[in-house]
Amino acid sequence: MTEPKRFQPNSIALTIAGSDPSGGAGIQADLKTFQQIGVYGASVVTLLTAQNTMGVRRVETMSPDLVIDQIDAVLDDLKPVAAKTGALGNAEIIEAVTERAERFMFPLIVDPVMVSKHGDTLVSDDAIEAYRGLMKHAFLVTPNRYELAALTGNDLNSTESIAKAIHDLHMMGAKFVLAKMGEVDGSSEHILGSGQENLSIQSSRFPTKNTHGAGCVLSAMITGLIAYGETDLRKIINRAIRQVTIGIYNAQSLGRGQSPVETRVLENDPMELERDGIES
């Protein structure tokens, strides 16, 4: 008889994000990730999409008051240990979440879904400004390089400009920053800013297009590990990055487009990963 999966009964993580009916990103990816860690997931839907692995066909945002009602319904009954945001859609929803975050007695991880990993803008200028206001409630913010540039107005054309952009997010109120810089010298680079120092974290890259939802899984993994009770942020982030790398490496070819990161695999034996070319 196999041993049941470990879980913490009172470890609750909340995701405030959009819906992806194909299951690769958004609240679906977040909830799958929470479940894999052994954390109970609650969700607040900010927007509905009609999308699949080939692209987004339609987006409909919720009314801000419905988003707030969902948050209140969760907070009035459950006790989240950590929460994250994903796609919030527009300035009105971002401002509503910012106002309600005043009540949060737990860490908030902000994944500022504003610009795609290819540089395509997903929200309006007023939504970008509203995200700046949300920074004061962020325990950790996880922008990609384009979102980091949009939030701070920096060009990110040098090490110094990247450091300044991270510093600017701290000045807006974010306690920690995890900048997803993409490919740098053949590896994927993340920069963790603590306000005191910036730490570069390198991970393996693979020749694949199966990366849909990678940012969602990364922020959900961090949120879930905090909810589970882990306290060392550097170790949490290293594990989360490693888990996304494993998910990309093991991604199945689902659909006819950009397949999602595989959330059904957890960290394997380190020696197996080394043989597969996944760095520790």
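The values are calculated or read from the model by the stated rules, or taken from the named source; none is laboratory data. What you see is a predicted model, and the numbers here were worked out from it, not measured in a lab. Every residue, glycine among them, receives a Cβ derived from its backbone with ideal geometry; neighbour counts consider all protein chains shown.
Here is how the numbers come out for the structure above:
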quantity	calculated
Flag for residue 114 being touching a residue at least 24 places away in the same chain (Cβ under 8 Å), within 18 Å of residue 141 (Cα to Cα) and of a type in the set (A, V, I, L, M, F, W, C)	yes
Per-region count, region 212-260, residues in contact (Cβ under 8 Å) with a residue 60 or more places away in the chain and outside any helix (DSSP H, G or I)	10
Some residue of region 186-207 being within 19 Å of the chain's Cα centre (by Cα) and without any contact (Cβ under 8 Å) to a residue 12 or more places away in the chain	yes
Every residue from region 156-202 that is among the polar types (S, T, N, Q) and closer than 17 Å to residue 239 by Cα	187, 188, 200, 202
Filter pass, residue 157 being surrounded by 15 or more Cβ atoms within 10 Å (Cβ to Cβ) and either within 23 Å of residue 223 (Cα to Cα) or without any contact (Cβ under 8 Å) to a residue 40 or more places away in the chain (or both)	no
Of the criteria (1) surrounded by fewer than 14 Cβ atoms within 10 Å (Cβ to Cβ); (2) modelled with pLDDT under 95, which one residue 248 fails	(1)
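Per-residue answers, yes or no, for (1) loosely packed, with under 14 Cβ neighbours inside 10 Å; (2) farther than 22 Å from residue 40 by Cβ:
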{"site": "173", "(1), (2)": "no, yes"}
{"site": "214", "(1), (2)": "no, yes"}
{"site": "217", "(1), (2)": "no, no"}
{"site": "226", "(1), (2)": "no, no"}
{"site": "234", "(1), (2)": "yes, yes"}
{"site": "241", "(1), (2)": "no, yes"}
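One line per residue, one yes/no per condition, for (1) in contact with a strand residue (DSSP E or B) (Cβ under 9 Å, 6 or more places away or on another chain); (2) modelled with pLDDT under 95; (3) basic (Lys, Arg); (4) in a helix (DSSP H, G or I):
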{"position": "97", "(1), (2), (3), (4)": "yes, no, no, yes"}
{"position": "106", "(1), (2), (3), (4)": "yes, no, no, no"}
{"position": "123", "(1), (2), (3), (4)": "yes, yes, no, no"}
{"position": "156", "(1), (2), (3), (4)": "yes, yes, no, no"}
{"position": "171", "(1), (2), (3), (4)": "no, no, no, yes"}
